[in-house]
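Here's the structure we're looking at; comments come further down.
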Amino acid sequence: VLLLLNGNDVERAVHTSTGVGGATPSGRYRVYRKELYSWSVPFQVWMPYAAYFVGGIATHEYPDVPSYPASHGCVRLPAGEAQRVYSFVDIGTPVEVF
């Protein structure tokens, strides 16, 4: 679950799927880059509404968002929700992964 927080208040809870086998690293980060349509070179796929927070790992829209870890490390978000998350965050927005 991805939580959009405004201070200590939860604005929205979003269904997500993260990386298989802990590929999404836990820790505290900040959004450092946003791209409306980002191209993943290693996986040859477009990642709409990408907000990068560590290395090449981002939140982004993806058509398949199962209820279990399924990505190579990114935080997959459903259509519609990805755009909402993208609009909610700015460069420097804190990201905490548990």
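Evaluating 6.51 cos²θ - 1.76 cosθ + 1.60 at θ = phi - 60° for every residue in segment 70-78, the Karplus couplings come out as 9, 8, 8, x, 5, 9, 6, 10, x Hz, glycine and proline recorded as x.
Within the chain, antiparallel bridges make up roughly 85 percent of the DSSP beta bridges whose residues both belong there.
Over the residues of the chain, the helix contribution to mean residue ellipticity at 222 nm works out to -2000 deg cm²/dmol, using -39500 (n - 2.57) for each DSSP H run of at least 4.
Let me make sure I get this right: for the chain, a, b and c are the square roots of the gyration tensor eigenvalues over alpha carbons, sorted descending. Under 1.5 in a/c it's rounded, otherwise prolate if a/b > b/c, else oblate. Which is it? Verdict is rounded for the chain. Residues in the chain average 60 Å² of solvent-accessible surface per residue, probe 1.4 Å, ligands and nucleic acids excluded.
The distance between label points at residue 87 and residue 10 comes to 2.2 nm (points 7 Å beyond Cα on the Cα→Cβ vector).
Amide hydrogen proximity for residue 75: with H placed 1.01 Å from N in the peptide plane, the residues at 5 or more positions away or on another chain lying under 5 Å are 58, 59, 60. For the chain, the fraction of 1.4 Å probe accessible surface lying on carbon and sulfur atoms is 54 percent.
The values are calculated or read from the model by the stated rules, or taken from the named source; none is laboratory data. Quantities reported herein were computed from a predicted structural model and do not represent experimental measurements. Neighbour counts are summed over all protein chains in view; Cβ atoms, including those assigned to glycine, are modelled from backbone coordinates with ideal geometry. Areas reflect the complete protein model, heavy atoms only, side chains present, ligands, DNA and RNA absent. Shrake-Rupley method; radii C 1.70, N 1.55, O 1.52, S 1.80 Å.
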